[in-house]
Amino acid sequence: MQDRTRPPRGGFRFSGPDLNPHPIAVFDSGLGGLTVLRALRGRLPQEDFFYFADTRFLPYGDRPEIFLRERGVLIAEALARRGAKALVIACNTATAAAAEAIRAAGALPVVALEPGVKPAAALTRSGVIGVLATTRTLASERFGRLVGNHANHLKVVAQACPGLAEAIEREGPASPEVAALLDGFVEPLADAGADVVVLGCTHYPWVAEAIARRMPPGVTLLDTGEAVARQLERLLLAGGLVGGGQGRLTVATSGAPLAVTATVDRLLGAKMHVEHWEP
């Protein structure tokens, strides 16, 4: 069946003796990071990727920050031992809690995800930005600094979305449960007059159309997948780490592979082999 994590090929292609064949690791608490992976594979089709869904501990959004920090470092170090040449943290919550600690550990070059507050601030005309994210992301010091540095002069409506990521994976993006959650989470942004909405969790692009339907016409939705892909490309070029793969994808989980396989099928309409891996 067609692999829908791979869009039409784009980006650069590399050849020559100095290619680095090791895979790029991508990790998330679940399968929301597949939206980021799609952008990565579209820009870097010659790279091999190892995608790790830490579903044993899903949802990250309700976990203590110290747990996420220690778990993130553990995962990064295990991925380095496995042979990864770079790491993409495809999870806003993990970035907020653990990115600095992962970088300090020095196991791998890191590209981390964060809500697109800076581009939203440049785009807004009404002066009101909406942010949909997990409770943990919005409560983090990193998010506070992001708003303070780039949107302190604007009204930022930060809406926590407890249970939404889990419902998207468990029930599917078009399920009644997800629709009911979106009704409650999106309404405050529409009422406040937000004309830019930041999708601050990698699961939320799966329901972008449903979010747009609940907002006034002309609202811009922002996710950061393409920006992350461009940053990863720059990091690989600067470090001499580009190319050498065959566009292969391995998917692994710390949870139950059969359950993850079913969720991948529900989200992508594609059956993929999922292996069990524990850092």
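When Lys and Arg each count +1 and Asp and Glu each count -1, what net charge do the other residues less than 13 Å away from N152, Cβ to Cβ, add up to? Local charge sum for N152: +3.
Measure out, as a whole number of angstrom, how far apart the alpha-carbon centroids of region 131-207 and region 32-66 sit. Region 131-207 and region 32-66 have Cα centres separated by 18 Å. Rounded to 0.05, the FRET efficiency of the A179 and R142 pair, given R0 = 51 Å and the Cβ-Cβ distance, is 0.95. Size descriptor for the chain, Kirkwood hydrodynamic radius: 18.9 Å (Cα pairs only, one decimal). For the chain, the longest principal axis of the C-alpha atoms and the axis of helix 176-192 are separated by about 60°.
Helix 34-43 axis versus longest C-alpha principal axis of the chain: approximately 60°, rounded to the nearest ten.
Each principal axis of the Cα cloud of region 211-263 was taken in turn, and the coordinate range along them, longest first, works out to 46, 37, 18 Å. With the simple model of a label 7 Å out from the Cα in the direction of the Cβ, A212 to F67 spans 3.6 nm.
How do C201, C91, C161 line up, fewest other C-beta atoms within 10 Å first?
Numbers: C201 29, C91 33, C161 24.
By the 10 Å Cβ count, ascending: C161, C201, C91.
Net length available on complete extension from H276 to T220 is 16.3 nm, with 0.36 nm assigned per residue and the Cα-Cα distance removed. Based on C-alpha pairs under 8 angstrom that are at least 6 apart in sequence, region 124-271 has a relative contact order of 24 percent. Principal axis extents of the Cα atoms in region 117-223, from largest to smallest and rounded to whole angstrom, are 38, 31, 19.
Extension gain, T135-E187: 0.36 nm per intervening residue step, less the Cα-Cα distance, totals 17.0 nm. Extending 7 Å from the Cα toward the beta-carbon at both D265 and A104 defines two label points whose distance is 4.4 nm. Model label sites at L237 and F57, defined 7 Å from Cα along the beta-carbon direction, differ in position by 3.4 nm.
Every number here is computed from the coordinates shown, using simple stated rules; none is lab data. Note that the structure is predicted; figures quoted are calculated from it, not measured. Backbone-built Cβ (ideal geometry, glycine too); neighbour counts: all protein chains shown.
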